[in-house]
1. Only one of Ala76, Ala58, Ala15 is farther than 21 Å from Asp205 by Cα and touching a residue at least 12 places away in the same chain (Cβ under 8 Å). Can you tell me which?
2. I want to confirm something. Restricting to segment 130-157 and keeping residues that are within 22 Å of Arg215 (Cα to Cα) and among the hydrophobic types (A, V, I, L, M, F, W, C), which single residue is surrounded by the most Cβ atoms within 10 Å (Cβ to Cβ)?
3. Going through segment 98-125 one residue at a time, which ones are under 15 Å from Leu146 (Cα atoms), touching a Cys at 6+ places or on another chain (Cβ under 8 Å) and hydrophobic (A, V, I, L, M, F, W, C)?
4. Out of segment 31-56, which residues are surrounded by fewer than 16 Cβ atoms within 10 Å (Cβ to Cβ) and among the polar types (S, T, N, Q)?
5. Residue by residue through segment 176-219, note down the ones that are surrounded by 15 or more Cβ atoms within 10 Å (Cβ to Cβ) and of a type in the set (Val, Ile, Thr).
6. Whether any residue in segment 74-85 is among the polar types (S, T, N, Q) and over 19 Å from the mean Cα position of the chain (by Cα) is what I want to check.
7. Taking segment 1-26 on its own, how many of its residues are more than 13 Å from the chain's Cα centre (by Cα) and in a strand (DSSP E or B)?
8. I need a count of the residues in segment 147-181 that are of a type in the set (A, V, I, L, M, F, W, C), more than 21 Å from the chain's Cα centre (by Cα) and within 25 Å of Phe100 (Cβ to Cβ).
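The values are calculated or read from the model by the stated rules, or taken from the named source; none is laboratory data. The structure displayed is predicted, hence computed values, not measured ones. Virtual Cβ from ideal backbone geometry, glycine too; neighbours counted across all protein chains shown.
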Amino acid sequence: MFKLSLTTSGQYISAAIFEQKLVSSSIFKSDKGSTSLLLNQIDELFKKTGIKRKDLDAVYFDNGPGYYTGLRIGMAVSQGICSSLGIPIIPVNGLDALAFAAHTSHRKICSIIDIKRNEFAYCTYNPLPGGVAKATEPEVITLDNLEIKISEDSDKKLLVGNWDLIDNKKILNDSNTKLADPRFVTAENIFNVGERLFQSNKYPDFNEIQIEYMREPDVTLPKENLVKMVNFYD
């Protein structure tokens, strides 16, 4: 059976189809999230691979943190697909996905995701054999406070996520901090965590799924912007 993995939390919209391994993927940069763009991207994946929609076993989606509009779109599309096919929807935290992608490092991992207003979502992890463990709770942090955290922490650290959006030489040139990939969340990152949650049955019920905004959004997104018929019948 196949899994669809999605992330719409930042500047890049990424979708991929997996079996046990990656079958096909698509990624593009979008300054403004769009339900139509995401649905078209998903349709192209199915056309390209010849896989039937009915063969999907689950959908893994990035439930944040990140951009408010993009997160709403990702959740709405994921819910529409899963409800029409009667399959599970698995939310995956983007900070966790970034950290897991770097878990083979021996350094402490610092995940950072842009949430606008010159603020970032930030969380640290300790690498473990086959995974990671949270060292701190996720928090919203300004660049000034991030500089303080980085400079006062003498541990060897790996900074992953949106560090390329940071214009602060003290952070980027810290002698104990190594800048590394991934620099943004991809559908593959989401799949790698989502698959473990799915196989271990550690995911919430459909009606209990929430988006991890971490703070109030800049604007309220009208519901009509998310409305588009999702036809997943071949």
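1. Details: Ala76 fails: farther than 21 Å from Asp205 by Cα; Ala58 fails: farther than 21 Å from Asp205 by Cα.
One residue alone meets the criteria, Ala15.
2. For segment 130-157, the residue satisfying everything is Leu146.
3. Cys110, Cys123
4. First, the residues of segment 31-56 that are surrounded by fewer than 16 Cβ atoms within 10 Å (Cβ to Cβ): 31-32, 36-37, 40, 43-44, 47-50, 52, 54-55.
Listed by number, the residues that qualify are Ser36, Asn40, Thr49.
5. Listed by number, the residues that qualify are Thr177, Val185, Thr186, Ile190, Val193, Ile209, Ile211.
6. Taking every residue of segment 74-85 in turn, at least one turns out to be among the polar types (S, T, N, Q) and over 19 Å from the mean Cα position of the chain (by Cα).
7. Residues in segment 1-26 being more than 13 Å from the chain's Cα centre (by Cα) and in a strand (DSSP E or B): 10 in total.
8. Residues that pass the stated criteria total 3.
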